[in-house]
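The values are calculated or read from the model by the stated rules, or taken from the named source; none is laboratory data. Worth saying up front: this structure is predicted, and the values here are computed from it rather than measured. As a convention, Cβ positions derive from the backbone with ideal geometry for all residues, glycine included, and neighbour counts pool all protein chains shown.
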Amino acid sequence: MCRQLEEFVTNHQQCFERELLTGHVTGSAWVVDGGFTKTLLTHHKKLDKWFQPGGHADGDSDVASVAMREAVEETGLAGLEFVSHEIFDLDIHLIPDRKDEPQHYHYDCRFIIRCTGNEAYTVTTESNDLAWIPFPEIGRYTNEESILRMVEKVSVFADGHPDLI
């Protein structure tokens, strides 16, 4: 997937703009609690599924900043910090067509972000709901391969970084 992202960015000058109808780069936040035991997912209003917070870059090539901005906007959480500024996960997925938008790809760069403060969230107009979900219970909410992959990756990540817990 890294090679596909690199080729896409190299070949499309407007890759960070949602107006690029074939696809565009997006930024997402894999929000975890301080103990790395659960994640905050949003029940996406348009797609009617549980996903991590995230969204369009709208011209911003700093996709880590995009991920943080989207996490704050979509959850209302104030005490968020990057665990790493490196891309935690990359997913390329097809977004179905809607009224005024043809189907297109999201080249989604995902960053691990930890909640260090109050875990009380705010459901915004973009979501039907939000929920802190313990990792062993993710399967009750979604069977999306990319979400399940991040659950596996975060446990390995946390095991390799005991100073974070």
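Which one is farthest from residue 85 (Cα to Cα) among residues in segment 13-54 that are without any contact (Cβ under 8 Å) to a residue 60 or more places away in the chain and in contact with a Gly (Cβ under 8 Å, 6 or more places away or on another chain)? Ranking the candidates gives 17 first. Filtering 114, 140 for residues that are basic (Lys, Arg) and farther than 14 Å from residue 30 by Cβ leaves a single hit, 140.
Could you check segment 33-72 and list, in sequence order, the residues that are part of a helix (DSSP H, G or I) and under 20 Å from residue 107 (Cα atoms)?
Of everything in segment 33-72, those that are part of a helix (DSSP H, G or I) and under 20 Å from residue 107 (Cα atoms) turn out to be 63, 64, 65, 66, 67, 68, 69, 70, 71.
Screening the candidates 51, 16, 36 for the property of being at positive phi and either surrounded by 18 or more Cβ atoms within 10 Å (Cβ to Cβ) or out of contact with any Lys or Arg (no Cβ under 9 Å at 6 or more places or on another chain) (or both) yields one hit, 36. When segment 19-30 is filtered for residues that are in contact with a Ser or Thr (Cβ under 9 Å, 6 or more places away or on another chain) and either within 17 Å of residue 62 (Cβ to Cβ) or surrounded by fewer than 24 Cβ atoms within 10 Å (Cβ to Cβ) (or both), the ones remaining, listed by number, are 25, 27, 29. Looking only at segment 81-105, filter to residues that are under 11 Å from the mean Cα position of the chain (by Cα) and not in a loop (DSSP other than H, G, I, E, B); which one of those is surrounded by the most Cβ atoms within 10 Å (Cβ to Cβ)? Once the filter is applied, the top-ranked residue is 91. One residue stands out in segment 126-165 among those that are part of a loop (DSSP other than H, G, I, E, B) and at pLDDT 90 or above: the one that is surrounded by the fewest Cβ atoms within 10 Å (Cβ to Cβ), namely 143.
Which residues, taken from segment 106-125, are surrounded by 15 or more Cβ atoms within 10 Å (Cβ to Cβ) and over 26 Å from residue 36 (Cα atoms)? Step through it out loud before you land on a result.
Of all residues in segment 106-125, those surrounded by 15 or more Cβ atoms within 10 Å (Cβ to Cβ) come to 106-115, 119, 121, 123.
Residue satisfying the conditions is 106 alone.
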